[in-house]
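Beneath this line is the structure, given in structure tokens, with notes to follow.
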Amino acid sequence: MLIMVFLFVSISPRTDLPNAPEIQINPDAEIITIQTKLYFIDNGYLTYEVRNIEVPKRNISFGVLKALEEGPRNKLLKSPFDKDDIVISSEVVDEVCFVNLKKTFLTGTMWNYEIKELVLGSIVNSLTELENVQLVQLLIDGAAYENIGGIDLSQPIKRDSSVIAKLNYDPANLVMDFLSKIDKEEYELAYEALDITSRNMISYEDFVEYGKNLRLKYMDYSRNRYFTQNFSNSTVVNIVYEKIIENRAGNYEKLIEGWQVIKEAGYWKIQISN
């Protein structure tokens with residue numbers, strides 16, 4: 001039985017901390033597309049969506065936070081933010097992401113009626129997916145608070161993987177996550193997504209070479225769309241790769257690569273053919 005106790009205490013900001021970094025987002029700043037995991041609240045755990053999101057090139061963390069504000073594609077999941085104007089700014093300094101939120105964050109439904117560790121975990125785990133972020137310092141209107149409902153926000157928060165649900169991916173998310181791991185050269189994690197037959201066929205050392213060649217093959221392509229085909233014993237996830245052809249306005253090259261996904265001991269696994 002989960003007993004939730006709400007403590008109504010007086011809170012005051014710490015005054016001995018350095019000023020929070022400030023950043024001005026130029027509306028004309030260069031926008032890029034990245035693929036990342038966004039963590040949302042899901043019935044006592046966090047569940048992530050593999051998403052392609054547009055972010056400012058000079059402040060990727062801010063783009064991640066705005067994508068969290070916009071919410072999940074799966075409407076059964078919940079964003080940590082009640083509204084889409086909670087995030088004021090963000091800045092990464094020495095692998096610490098300073099996130100400045102409006103004070104209305106503390107009076108919202110999510111902070112007051114959801115498990116606070118999940119609200120924080122949604123923000124922190126999403127940001128620490130970025131290579132240059134290891135810790136997250138939450139600020140409220142530019143100040144760090146020592147105690148808010150029993151939660152200490154005065155120090156940077158590290159990633160908490162214990163609140164992430166152990167998911168049996170659907171085929172599309174499995175493949176997108178597999179390709180994301182290859183992009184990041186996380187070959188050991190990607191190798192675990194293969195079925196037993198594929199792992200017996202290709203050694204880990206050979207798979208690393210396979211992954212490197214795959215990265216080179218699609219280095220200049222964007223990977224924004226996919227479609228699935230369901231068969232009696234498997235599902236094929238077709239990834240659409242696109243590349244704009246220079247000096248040919250409006251033209252682009254499109255490639256489609258299919259990945260076969262099968263059920264193994266109740267879990268979806270990727271099967272690589274010869």
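The values are calculated or read from the model by the stated rules, or taken from the named source; none is laboratory data. Here the structure is a predicted model, which is why all the values come from computation and not from measurement. Glycine also receives a Cβ, built like all others from the backbone with ideal geometry; neighbour counts cover every protein chain displayed.
Residues that are touching a helix residue (DSSP H, G or I) at 6+ places or on another chain (Cβ under 8 Å) and either assigned to a strand (DSSP E or B) or not assigned by TED's automatic domain parsing to the domain that holds Leu68 (or both) within the range 94-112 comprise Cys97, Val99, listed in sequence order.
Does the range 37-49 include one or more residues that are aliphatic (A, V, I, L, M) and surrounded by fewer than 17 Cβ atoms within 10 Å (Cβ to Cβ)? Within the range 37-49 (the criterion being aliphatic (A, V, I, L, M) and surrounded by fewer than 17 Cβ atoms within 10 Å (Cβ to Cβ)), the answer is no, since none of the residues qualifies. For the range 252-273, the condition of being modelled with pLDDT under 90, in contact with a strand residue (DSSP E or B) (Cβ under 9 Å, 6 or more places away or on another chain) and in a loop (DSSP other than H, G, I, E, B) holds for at least one residue. Please count how many residues of the range 200-239 are of a type in the set (Gly, Ala, Ser) and in contact with a strand residue (DSSP E or B) (Cβ under 7 Å, 6 or more places away or on another chain). Selection size over the range 200-239: 2. Among the residues of the range 50-84, just one is over 10 Å from the mean Cα position of the chain (by Cα), among the polar types (S, T, N, Q) and surrounded by fewer than 16 Cβ atoms within 10 Å (Cβ to Cβ), namely Asn74.
In the range 156-183, which residues are modelled with pLDDT under 85 and in a loop (DSSP other than H, G, I, E, B)? Ala165, Lys166, Leu167, Asn168, Tyr169, Asp170, listed by residue number.
Set side by side, the residues Leu153, Leu130, Leu139 differ, and just one is in a loop (DSSP other than H, G, I, E, B), farther than 21 Å from Ile53 by Cβ and touching a residue at least 12 places away in the same chain (Cβ under 8 Å), which is Leu153. Filtered by the rule that a residue be among the small types (Gly, Ala, Ser) and either farther than 13 Å from Tyr241 by Cα or in a helix (DSSP H, G or I) (or both), the range 208-227 gives a lone residue, Gly211.
Residue-wise test of (1) touching a His at 6+ places or on another chain (Cβ under 8 Å); (2) closer than 14 Å to Pro80 by Cβ; (3) crowded, with 20+ Cβ neighbours inside 10 Å.
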residue: Glu95; (1), (2), (3): no, no, no
residue: Asn112; (1), (2), (3): no, yes, no
residue: Val119; (1), (2), (3): no, yes, yes
residue: Glu131; (1), (2), (3): no, no, no
residue: Leu138; (1), (2), (3): no, yes, yes
residue: Ser162; (1), (2), (3): no, no, no
residue: Val175; (1), (2), (3): no, no, yes
